[in-house]
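Here the structure is laid out as structure tokens; the discussion comes afterwards.
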Amino acid sequence: MALYLLYESASGYGLFLAHGIDEIGQNTEAVRNSITDLNRFGKVVKLEAFNPFESALDALNQCNAVSEGQMTEELQNFLERSLPKVKEGKKAKFSLGLAEPKLGSHIHEVTKIPCQSNEFVLEILRGVRLHFEKFIENLKHGDLEKAQLGLSHSYSRAKVKFNVNRVDNMVTQAIVLLDTLDKDINTFSMRVREWYSWHFPELVKIVNDNYLYAKVAKFVDDKSQLSEDKISALTEIVGDEDKAKEIVEAAKASMGQDLSPVDLINVKLFAQRVMDLVEYRKNLYDYLVAKMHDIAPNLAALIGEVVGARLISHAGSLTNLAKCPSSTLQILGAEKALFRALKTKGNTPKYGLIFHSSFIGRASARNKGRMARYLANKCSIASRLDCFLDKSTTTFGEKLREQVEERLDFYDKGVAPRKNLDVMKAAIETVEDKDTEMDVDELSTKKSKKKKSKVDVVEYAQPMIEDKPLETNGDASEEPKSEKKKKKKEKRKSEQEAEHEEDQTVDNGNGVHEDGTAKKKKKKKNKEDNGEELQAAVEIKKKKKKSKVQDDE
């Protein structure tokens, strides 16, 4: 059976025919030895056809299709044109060797061409890649390298552009920065405590919080100048008047040494830097919460923003996390303990990053493993919903959280939880109800806008009618009958005036649009008047003649 090889280069598709495979015996070691020598390899592999790409954009499209395992129309036409045709009802006497198994399966589905991808084919394609410039005659030295460089740059640029709108990259950066900021703030605050304790050592025991300690250290500055006048300002910082008084009393009887003004300025500047870092950490946390609600609302509603962001960061992206099974997600972050347990044949870890969730902390010691397995199951469902849903909603995450709460009650009190199918049905119904409510609200807003436009038109057409306020039922019942009659009369008059105006507009319209017909009617009336006058004159003449005849007789 003949073996054809499809090689995807940066300049085009190449189809090669491998001869003498039976002599080699399909031995990969023999192929490796024959690859380096062009004379030996050229006897085995020969170029059958070459289809160059039309442009750099075409090369990028073909490269994207190959990486996704899809066969383009150009590749299909090239294979049908270059490979020997197979009669209907008969098996092909050749096979096509490929480096990508997914592409081979797609080609076989569409064209029914038998494809294979194994170590032997990959070794031959490695030799083709090595001597590709010498197989094509018109290809100049250095052209292939330029094409490869340009295609690699455009391909990587397209991949980066594809990931620009993926906000999970921002989530991973934010959570890593948040962890580093926590470590830095702890180390810097300890440095502030140690530095300022040479001047005011009693303050460490009074103020425990790092941020408050830096604030108080900046405010107190020199302990000798601290008096009872500053108690009100200290209470605003500390939040407790007793603590403020205790600080003032401790400053009076402090055992610390005096510092020079330059040293105190440096301590104040460093305390201000620590305060700025703490404030920036708060803003960064708010940013992370907002991003998590945008990218993974269900996962954030289920397990929290920080733990969900850590899972996404450890997996690499939201799509990678969605691809993970629940067993992998359960021990995500505990890889060292897992491999150490596998190496020493000990107990494997029950949880990784999920341990930071409040659910596992609330579970009892014997149920922590069960709770971790159940929570990992729900987290995998939530991550897949966030990854593949078109509209972002938190209803599924809230329902999954209710399920986890019910499971905790089941472990503690024995209350039977609801089934997953029922919960998901209820979540889908709530989502559909929300969608219908949104549609109804949009329709109502559109109708109200249309009504407003109609009212404006009516008011513009009837400027003589006075605007009247809307009447409630209570006001109408309280009004006297005389006022009602007056209003009815005014309504009738306004309606009559409106009808009169409409009649006038209609008449004017007829006069404007039908000038010719109106003139014709006038002419007809004039003619009829003239005919009547003539008939009257003729009758008078007849009467005169009759009177003359009677006189003659």
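The values are calculated or read from the model by the stated rules, or taken from the named source; none is laboratory data. From a predicted model like this one, the values you see are computed outputs, not experimental measurements. Ideal geometry is used to build each Cβ from the backbone, glycine not excepted, and the neighbour counts take in all protein chains shown. Each accessible area value is taken on the protein alone, full model and side chains, heavy atoms only, with ligands, DNA and RNA left out. Shrake-Rupley method; radii C 1.70, N 1.55, O 1.52, S 1.80 Å.
Hey, among the residues in the range 214-262 that are touching a residue at least 60 places away in the same chain (Cβ under 8 Å) and not in a loop (DSSP other than H, G, I, E, B), which one's surrounded by the most Cβ atoms within 10 Å (Cβ to Cβ)? Looking at the filtered set, the residue picked out is 214.
Of all residues in the range 292-319, which are of a type in the set (Asp, Glu) and without any contact (Cβ under 8 Å) to a residue 24 or more places away in the chain?
As a first pass, look at the range 292-319 and keep what is of a type in the set (Asp, Glu): 294, 305.
305, the sole residue that qualifies.
Selection of first residues in the range 133-158 that are under 21 Å from residue 16 (Cα atoms) and assigned by the TED database to the domain that holds residue 58 and of second residues that are open to solvent by 50 Å² or more (accessible area, probe 1.4 Å) and aliphatic (A, V, I, L, M), restricted to Cβ pairs under 9 Å at least 6 apart or on distinct chains, gives the following pairs, ordered by first then second residue: 134/38; 135/47; 136/47; 147/56.
Residues that are among the acidic types (Asp, Glu) and open to solvent by less than 80 Å² (accessible area, probe 1.4 Å): does the range 91-100 have at least one? Within the range 91-100, one or more residues are among the acidic types (Asp, Glu) and open to solvent by less than 80 Å² (accessible area, probe 1.4 Å). Residues that are free of Cβ contacts under 8 Å to residues at least 60 places away in the same chain and basic (Lys, Arg) were ranked within the range 388-439; the one that is farthest from residue 308 (Cα to Cα) is 413.
For the range 101-177, give me every one of the helices (runs of 4 or more DSSP H) that falls completely inside it and has 1 or more residues that are open to solvent by 90 Å² or more (accessible area, probe 1.4 Å) and more than 27 Å from residue 44 (Cα to Cα). Spell out the reasoning first.
Details: elements: 101-111, 119-130, 132-135, 143-162.
Answer list for the range 101-177: 101-111, 143-162.
Do we have residue 345 as more than 16 Å from residue 378 (Cβ to Cβ), open to solvent by 40 Å² or more (accessible area, probe 1.4 Å), out of contact with any strand residue (DSSP E or B) (no Cβ under 7 Å at 6 or more places or on another chain) and outside the structural domain of residue 385 (by the TED database) here? Against the criterion (more than 16 Å from residue 378 (Cβ to Cβ), open to solvent by 40 Å² or more (accessible area, probe 1.4 Å), out of contact with any strand residue (DSSP E or B) (no Cβ under 7 Å at 6 or more places or on another chain) and outside the structural domain of residue 385 (by the TED database)), residue 345 does not qualify. Kindly establish whether residue 318 is open to solvent by less than 30 Å² (accessible area, probe 1.4 Å) and farther than 30 Å from residue 220 by Cα. Yes: the conditions hold for residue 318. Of all the listed residues (60, 75), the sole one being under 31 Å from the mean Cα position of the chain (by Cα), part of a helix (DSSP H, G or I) and either over 21 Å from residue 1 (Cα atoms) or in contact (Cβ under 8 Å) with a residue 12 or more places away in the chain (or both) is 60.
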